[in-house]
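Down below is the structure, laid out as structure tokens.
Since every read-out is calculated from the coordinates, none of them should be taken as a lab result. Because the structure is a prediction, the values reported are computed rather than measured. With ideal geometry, Cβ positions are generated from the backbone for all residues, glycine too; neighbour counts draw on all protein chains shown.
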Amino acid sequence: MNIHEYQTKELLRSYGVPVPDGRVADSDASAGIIAEEIGGDRWVVKAQIHAGGRGKGGGVQLADSVEDVRKHADHIIGSRLITPQTSSAGKLVQRVLVESAQDIKQEFYLGLIIDRIKQRITIIASASGGMEIEEVAKTDPDKVVREAVDPAIGLPEFQCRKIAARIGLTGPLMPQAVKLMRSLYRCFRDKDALMAEINPLAIVDGDKLLAVDAKMSFDGNAVHRYPEITNYRDFDEEDPKEVEATGHGLNYIALDGNVGCIVNGAGLAMATMDAITLHNGSPANFLDVGGGASPEKIANAFRIVRKDPNVKAILLNIFAGINRCDWVAEGVVQAMQKQAISEPVIVRLSGTNYELGQEILNKSGLPFINATDLDDAARKAVDAVNSLS
Ligand code: GDP
Ligand code: MN
């Protein structure tokens, strides 16, 4: 689960990470008021969307007067911001973060990720901040420091000092860097984060280290344990199909292919996607309807899958263990009748009450394409798509 920059900064501030003074605004008027309250004579107005590269897209603007803050806010709020990390349609901006602008002397990169091979939280740091770390890692790998953290020890000071020294944060900056890294790590550990990124981490006026930009994401399966993080969830940033699916107890992830998938069990859903790909097709989604898939649940699954305009055929693959094929079949028939489904529907049923399920399908007189097994189903689904184009 991703959160916004302003939320990340609020969270990090509570952990003692130094961040600029600022607040979020949803209108030009409130942006002006915030600028006045912060004081000073220079501000930065930053579009709040779940995507980076905002600076390149015009989503980060400096302002020399409160009037300018209002103008930038007016311009950014309600616009669709296109950055190297968004689609060409961009993302609708609903809020801006207004902060006191910083006099940046030097920019660094500091990030925490989970290195799945090492099975460790790993710090990534670089003196080449401000830019995309992936680029630096490619062109100048020596400039990227990686340090895995031993979970039994945590992040000790010596390790922070080592990292700081290697990216040139020495002298009076070192104790600041140590404190900042340890605070960031503590926050990361406490909240089951998957990623934290401060880019740029900047040396500003008076040799102070400051997190000028910050971004975090959290483990969606753990986030329910932290209501304060759950509250940060912004449904406007998510695929509405995915949000609706969650509400129906369906596990749906939108992809960019054209074979809609309705499957029970996450493993089988992934195998189904693999099988489609193996037959040179491409899945439109991942969808796990779960164990006790009632006819209503199946009907909802059809509705959500068909909301994707790219879907050309639907593959239903059910291995009924806890499920029952007759229930699933009823759901399919109901959905087909109520939703006037025009896409070819390929059905592969197996397991509990298979015969009953097949009978319901056959009796319905609806134009299903029956498949005998997973491979057959995937091939027929891809064939169905190809015969359309
Ligand atoms: P991103 O493009 O989405 O990563 O947004 P950032 O918050 O990182 O802003 C992009 C760039 O704008 C940063 O790398 C900085 O160079 C610059 N920037 C952001 N805030 C300030 C500020 O307060 N003062 C100055 N001088 N530059 C800033
Ligand atoms: Mn940034």
³J(HN,Hα) across the stretch 233-242 via Karplus (A = 6.51, B = -1.76, C = 1.60, θ = phi - 60°), whole Hz, x for Gly/Pro? 4, 10, 5, 5, 8, 9, 5, x, 5, 5
Quick one: work out Rg over Rh on the C-alpha atoms of the stretch 289-372, Rh as Kirkwood radius. 0.93
Rounded to two decimals, the Rg over Rh value of the stretch 21-101 from Cα coordinates and the Kirkwood Rh reads 0.97
Among F108, P141, P367, the residue whose Cα sits farthest towards the positive end of the charge dipole of the chain (+1 at Cβ of Lys and Arg, -1 at Cβ of Asp and Glu, taken about the Cα centre) is P141
With springs only between Cα atoms under 10 Å, which of K46, K307, K71 fluctuates most in a Gaussian network model of the chain? K307
Given the Cα-Cα distance of S14 and K338 and 0.36 nm per residue of separation, how much length would full extension add, in nm? 111.5 nm
For A313, residues with placed amide H under 5 Å, excluding near neighbours: G260
Taking N as the number of residues in the stretch 99-228, the ratio of its alpha carbon radius of gyration to 2.2 N^0.38 Å works out to 1.04
Suppose every K and R has +1 on its Cβ and every D and E has -1 on its Cβ; what is the size of the dipole of the chain about the Cα centre, in Debye to the nearest 20? 540 debye
Theoretical ellipticity at 222 nm over the chain - DSSP helices of four or more residues, -39500 (n - 2.57) apiece, nearest 500: -11500 deg cm²/dmol
Would you tally the net charge around L155, using a Cβ to Cβ cut-off of less than 13 Å, leaving L155 out, and scoring K and R as +1, D and E as -1? +3
Length gained when the stretch I153-F235 is fully extended (0.36 nm per residue, less Cα-Cα span): 25.8 nm
Report the residue, chosen from S128, S364, S79, that carries the largest GNM mean-square fluctuation when the chain is represented by alpha-carbon nodes joined by springs under 10 Å. S364
7 Å from Cα along Cα→Cβ at both N362 and I322: what's the point-to-point distance in nm? 3.0 nm
Which residues in the stretch 335-349 have a backbone N closer than 17 Å to a point placed 7 Å from the Cα of N370 along the Cα-to-Cβ line? 345-349
With the crude spin-label approximation of a point 7 Å out along Cα→Cβ, what separation in nm comes out for T277 versus R80? 2.9 nm
For a quick size check, give me the Cα extents of the chain along its three principal axes, largest first, whole Å. 79, 49, 38
How big, on average over all directions, is the shadow cast by the Cα convex hull of the stretch 239-388, in nm²? 7.4 nm²
Would you order C187, C325 from fewest to most other beta-carbon atoms within 10 Å of each residue's own beta-carbon? C187, C325
Taking 0.36 nm per residue of separation and subtracting the Cα-Cα distance, what length does fully extending S88 through A137 add? 15.1 nm
For the stretch 152-161, 3J(HN,Hα) per residue [Karplus equation, 6.51 cos²θ - 1.76 cosθ + 1.60, θ = phi - 60°, Hz, x = Gly/Pro]: 6, 9, x, 9, x, 4, 4, 5, 4, 5
Per residue of the stretch 319-333, what does 6.51 cos²θ - 1.76 cosθ + 1.60 with θ = phi - 60° give for ³J(HN,Hα)? Whole Hz please, x for Gly and Pro, Karplus curve as stated. 10, 7, x, 6, 5, 10, 4, 5, 4, 4, 4, 4, x, 5, 4
Here the percent of antiparallel bridges among DSSP beta bridges lying wholly in the chain, to the nearest 5, is 75 percent
